[in-house]
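Worksheet for the structure shown next.
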Amino acid sequence: MAARTLVVACALFLGLCIIASSKPADTTHAYCKIVWLLALPCNDVHMAVVTQIKTMASYKLGSVTPMLIQADHTSGVRQVEHVNFTMIPTAMDQGCHVEGSSMSEFWYSLLDNGTNYCNLHSVMQGSGLTNAPGFEEFTNEWLCLGFGLSTCK
């Protein structure tokens, strides 16, 4: 049990370091970046995310590899956002570090009121991973435009 606690603590520290050093790839589009830490193997997280995306009508699953899941989300106003989930196993495969990103396709959608956050959050919540052991979410308004305004349904 002590080893698992140490693994989770190290993963939390790593997540904070990554968030603190991250910069958005493109500041002319609305975007969101989130890091999640879970005390589950990445294979389990990967399966849950893919399964959830397949059940959501507004998502179209794209490329899937063992470490990366890509999809497109189409909002009610026909705006497209590109969504990615990257899985990185933590020490001794005891947990999973997941990096999620969502970026709007169009430049004029810079102020999206949290749409990109909700794209990512809805998949994690719908898959049940927000209730998984060790679940932690890291983001802020600098990494996730509109995060403070988001009202996910």
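Can you name the strands (runs of 3 or more DSSP E) wholly within region 1-107 that have at least 3 residues being within 28 Å of residue 148 (Cβ to Cβ) and modelled with pLDDT of 60 or more? Before you say what the answer is, go through the steps one by one.
On the way: elements: 31-38, 59-64, 68-74, 80-89, 96-104.
Correct list: 31-38, 68-74, 80-89, 96-104.
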Original post:
When you scan region 112-153, how many residues do you find that are under 20 Å from residue 44 (Cα atoms), surrounded by 15 or more Cβ atoms within 10 Å (Cβ to Cβ) and more than 13 Å from the chain's Cα centre (by Cα)?
Top reply: 2
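The rows are residues; the columns are (1) in contact (Cβ under 8 Å) with a residue 60 or more places away in the chain; (2) surrounded by fewer than 16 Cβ atoms within 10 Å (Cβ to Cβ).
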residue: 31; (1), (2): yes, no
residue: 37; (1), (2): yes, no
residue: 40; (1), (2): yes, no
residue: 46; (1), (2): no, no
residue: 58; (1), (2): no, yes
residue: 68; (1), (2): no, yes
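The values are calculated or read from the model by the stated rules, or taken from the named source; none is laboratory data. As the structure is a computational prediction, the values presented were derived from the model and not from experiment. Neighbour counts are summed over all protein chains in view; Cβ atoms, including those assigned to glycine, are modelled from backbone coordinates with ideal geometry.
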